[in-house]
1. Arrange the peptides 239-245, 104-110, 335-341 so that the one whose residues have, on average, the most other Cβ atoms within 10 Å appears first.
2. Choose one of 269, 175, 335: the residue whose Cα lies farthest towards the positive end of the charge dipole of the range 3-395 (beta-carbon charges +1 Lys, Arg; -1 Asp, Glu; about the Cα centre).
3. Highest GNM mean-square fluctuation, the chain, Cα pairs closer than 10 Å: which of 181, 127, 286?
4. Would you be so kind as to identify which of 202, 222, 113 lies farthest towards the positive end of the dipole of the chain, taking Lys and Arg as +1 and Asp and Glu as -1 on Cβ and the Cα centre as origin?
5. Separation of the range 316-337 and the range 126-181 by C-alpha centroid, Å?
6. Over 26 Å between C-alpha atoms is what I'm after, so list which of 160/381; 160/218; 116/381; 197/218; 116/218 land there.
7. Taking only DSSP H segments of four or more residues, each worth -39500 (n - 2.57), what value at 222 nm results for the chain once the sum is divided by all its residues, to the nearest 500 deg cm²/dmol?
8. Taking 8 Å as the Cα distance limit and 6 or more residues as the minimum spacing, I'd like the relative contact order of the chain as a percentage.
Amino acid sequence: MARPMEELIGPDAPAEMRVLRKEQPVCPVRLPNGDEALLVTRYDDVATVLSDPRFNRTFNPRGAARAGDRATPPADLGQITRTLGMDGPPHRTLRAVVNRAFTARRVESLRPSIQKLTDELVDGMRQAGSPADLVEHVASPLPIRVICELLGVPHEDAEKFRGWSDRTLSVTSFPRDEVVQAWHDLFAYFGEQVARKRAHPCDDLLSDMVAASDDEEKLTELELVYLATGLLIGGHESTINAIGLGMWRLLEHPEQVARLHADPGLVVTAVEELLRYQTLGDVDRQRFAQEDLELSGVTVKAGQMVMAGVLSANRDEDRFTDGERLDVGRHPNPHLSFGLGPHYCVGAALARVELQIAFGTLLREFPGLRLAVPSDQVRRKTGLMVSGLEELLVAW
Ligand code: HEM
């Protein structure tokens, strides 16, 4: 009997997953749309599903090709030949363009502006007075402003972006015509920006992507626009959620906060640990088996949908000693929160810098920072596809 996926997410998920890892590591589940899939919960199996070419994101060998990405534009928006949601050579071509532009040097060069943006937002939170909502004041506005900086588009456009991005990511919250309109607006916007960067290249990611594409990879205009849109959407909500959930988990553990005060350099391992411990978007990592194969002794049939249980893998006791415990000094920490294999998060380095700066600045500026409501009253976002906080009231 397939278990409804809703039973396996939410606050009790870690306990449910612990049982599954032992007793049913490959578990039939039913998604809210009625689709059936297999949920894998052991670290090694999850790593295989994410990185082994016998699994991919879009292709179902039973016939129907399907979008692996919920943030994929509706088909009626025109023919997009290659997107990051695809697999194989078309995907590699796009990744090559992004990788050539999204370098470690570029991420490092953003550090001072990320610090400045964070300082401004933290000041705003201080002025709002204690208690304040950390999601509203810091977690939510920071990532979109950083993406504007990264792509080299005006900061004034951040609010417009947020509206479009929320709609394109929405599964149910907005009427379909609003979602389609948001895609149109995004494409029109980035179409203009790509033309502007081609005419007047600057030192930013979008200019570098245009150059990388013009040099050798020869993307169409629409593919370039879609790449920019993918970065905006890919880098936005996940980072908001990582900041909110990360601070929540951290403030639940005052002894770990004390370690960070005593040794602020620990923020680097703390970021990895908070990503491991909270784990976002678990339900999103779906793949299709391309051939019959075995995982933990269970046969997976070609064409079956498999959900990679990242939340569970990140706490697997065979991989993480004392995995249920938050330890901001944990090292090594091979968590799978940025994925693994061909679709590994392109923005991981940027996200790491953003989280290090956000957590480090908040702790430094508010040495007495604490949760303003009991932890079980912190308001989480509802819905299957997102795991994040509506609000995080903090006091200082
Ligand atoms: C803490 C924040 C973030 C988390 C937890 C996160 C997580 C992930 C994960 C798990 C994947 C792999 C999805 C899969 O295997 O199906 C992914 C892919 C991706 N991420 Fe991130 N991400 C974060 C921040 C960012 C940022 C800041 C950007 C860009 C500015 C970004 C852009 C992307 C893109 C474009 C992909 C698709 C890559 C591909 O399919 O080749 N992400 N992210």
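Coordinate-derived values only; no laboratory data. Just so we're clear, the structure is a prediction, and the values are computed from it rather than from any experiment. Methodologically, a virtual Cβ is constructed for each residue, glycine included, from the backbone with ideal geometry; neighbour enumeration extends over all protein chains shown.
1. On the way: 239-245: 24.7, 104-110: 13.9, 335-341: 20.9.
For the peptides 239-245, 104-110, 335-341, the packing ranking is 239-245, 335-341, 104-110.
2. 335
3. Result for the chain, Cα springs under 10 Å: 127 fluctuates most.
4. 222
5. 31
6. Working: 160/381 22 Å; 160/218 29 Å; 116/381 29 Å; 197/218 16 Å; 116/218 36 Å.
From the list (160/381; 160/218; 116/381; 197/218; 116/218), the Cα-Cα distance tops 26 Å for 160/218; 116/381; 116/218.
7. Numbers: 14 runs with 186 residues, N = 396.
Value at 222 nm, helices only: -15000 deg cm²/dmol.
8. Numbers: 600 pairs, mean separation 96.8, N = 396.
Computed over the chain, the figure is 24 percent.
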